[in-house]
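Student: Have a look at this one.
The values are calculated or read from the model by the stated rules, or taken from the named source; none is laboratory data. Every value quoted in this text rests on a predicted model; they were computed, and no experiment measured them. In this analysis, Cβ positions are derived from the backbone assuming ideal geometry, glycine residues included, and neighbour counts consider all displayed protein chains. Heavy atoms of the whole protein, side chains included, go into the accessibility calculation; ligands, DNA and RNA do not. Shrake-Rupley method; radii C 1.70, N 1.55, O 1.52, S 1.80 Å.
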Amino acid sequence: MAMTTFGVNDALAVKLWSKMLDAEALKATEIAPLIGDDANSIIQRKTETSKGAGDKVSFGLRMQLSGDGFTENETAEGNGESLTIYSDAIVINELGHVVGVKSENTIDAQRVPFDLRAEARDGLSDWFAKRMSVAFFNQVCGFSAETRTKYTGLQPTIAPTRVIRAGAAASDQALTSSNLFTLDLIDKAKELALTASPKIRPIKIGNQEKYVVYIHPYQVTDLRVSTATGQWLDIQKAAMTGGEVTKNPIYTGALGEYNGVIIRSAIDVTGGVNGATGAVIPTVRRAVLLGAQAAVAAYGQKNSPTKYRWNEELFDHKRRLEVSAWSIHGIKKTVYNAADFATVVVATYANQHS
């Protein structure tokens, strides 16, 4: 029976494998449900750099008008209010990785019952998914202890400006083992989101307005083992019902919902940062509440039909194969007028449980 195959360096194979990498990397990352092209997305994908030249996208936020207006017997002309517009920008750069394997022409490939070339592709897919997740949480958690931009969406992190700490602690380093994650912290974070200026806008799921909070698995355990009244059982009572809600991918894998906030967990929620020394505090985790346009992502042009480029090279008389993939992109927390636009960090003591 005839079989269609694509060999190494086949032009169609490059596009096919690049497309597969794009799909698998996105599917494997925890933050995939957050990404969209419109302003109702938590991670809004900016398309300007994918359509034309340039390595930077600037975007603005118009503040609400606050003037009194005019009524009868008052002069309108000359009493206009000026617009207040703040801006932010995201830059894009290259990020990629290379995997080296023995080619199908070697005894190494003969010894194993799997395709080394396919394993290289899967490995790169996992690598990109993990890096995308790490970069996102380093950004939205304001993890300033990480200074390598390869791990921060290819631009520096910015320390959080809206922070709630368990026990009203003054700093991450002041959090103690009694300052665990509890549901009332979600209430406080939502209150801050609603009363912030500008207000942190929730996303719309059907006809409902929702926020999303990501907490670390250590914080999940602290919630689950709490026997206090009005804690974990409240999440279980708030069943996620209704076709519009349950079909939305943002609910896939969610722990539950509380007070209009969808609770999700991710291992890449960052540790705390010592405000005095800049050192990482491994016994602290920075959960983060997210609203619409909490972060932006952008990709370079000439990456069609996918956002990744794929290349394969044979060396050593075709006995050694190197597979590489890379992307021109960036990811960044949105910040306007030196204030976080749609994130609230919730820092608590959170250590591994024995």
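Student: Here are the criteria: (1) open to solvent by less than 50 Å² (accessible area, probe 1.4 Å); (2) under 30 Å from residue 126 (Cβ atoms); (3) modelled with pLDDT of 70 or more; (4) not in a helix (DSSP H, G or I). Tell me which single one residue 33 does not satisfy.
Tutor: (4)
Residue-wise test of (1) modelled with pLDDT of 95 or more; (2) of a type in the set (Val, Ile, Thr); (3) closer than 25 Å to residue 331 by Cα.
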{"position": "161", "(1), (2), (3)": "yes, yes, yes"}
{"position": "179", "(1), (2), (3)": "yes, no, no"}
{"position": "212", "(1), (2), (3)": "yes, yes, yes"}
{"position": "233", "(1), (2), (3)": "no, no, no"}
{"position": "245", "(1), (2), (3)": "no, yes, no"}
{"position": "249", "(1), (2), (3)": "no, no, yes"}
{"position": "255", "(1), (2), (3)": "no, no, no"}
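Student: I would also like to ask the following. Looking for something part of a helix (DSSP H, G or I) and either open to solvent by less than 60 Å² (accessible area, probe 1.4 Å) or at pLDDT below 95 (or both) - is there at least one such residue anywhere in the stretch 199-208?
Tutor: The answer is no, given that none of the residues of the stretch 199-208 is part of a helix (DSSP H, G or I) and either open to solvent by less than 60 Å² (accessible area, probe 1.4 Å) or at pLDDT below 95 (or both).
Student: Give the stretch 314-354 a look and list any residue that's open to solvent by 80 Å² or more (accessible area, probe 1.4 Å) and either modelled with pLDDT of 90 or more or in contact with a strand residue (DSSP E or B) (Cβ under 9 Å, 6 or more places away or on another chain) (or both), or say none.
Tutor: Matches in the stretch 314-354: 319, 320, 337, 338, 352, 353.
Student: Quick one: in the stretch 118-171, of everything that is in a loop (DSSP other than H, G, I, E, B) and touching a Leu at 6+ places or on another chain (Cβ under 7 Å), which residue is surrounded by the most Cβ atoms within 10 Å (Cβ to Cβ)?
Tutor: 154
Student: Only one of 88, 68 is among the acidic types (Asp, Glu) and open to solvent by less than 40 Å² (accessible area, probe 1.4 Å); which?
Tutor: Selected residue: 88, the only one of 88, 68 that is among the acidic types (Asp, Glu) and open to solvent by less than 40 Å² (accessible area, probe 1.4 Å).
Student: Also, I was wondering about something else. Starting from residues that are open to solvent by less than 10 Å² (accessible area, probe 1.4 Å) and either among the aromatic types (Phe, Trp, Tyr) or outside any strand (DSSP E or B) (or both), keep the ones in the stretch 267-299 and report whichever is nearest to residue 341 (Cα to Cα).
Tutor: Checked the stretch 267-299; the qualifying residue nearest to residue 341 (Cα to Cα) is 294.
Student: Quick check on this structure: which one of 39, 2, 11 is modelled with pLDDT of 75 or more, surrounded by fewer than 17 Cβ atoms within 10 Å (Cβ to Cβ) and not acidic (Asp, Glu)?
Tutor: 39
Student: Here is a further query. For the stretch 191-208, give me each residue that is under 18 Å from the mean Cα position of the chain (by Cα) and not charged (D, E, K, R).
Tutor: 200, 202, 203
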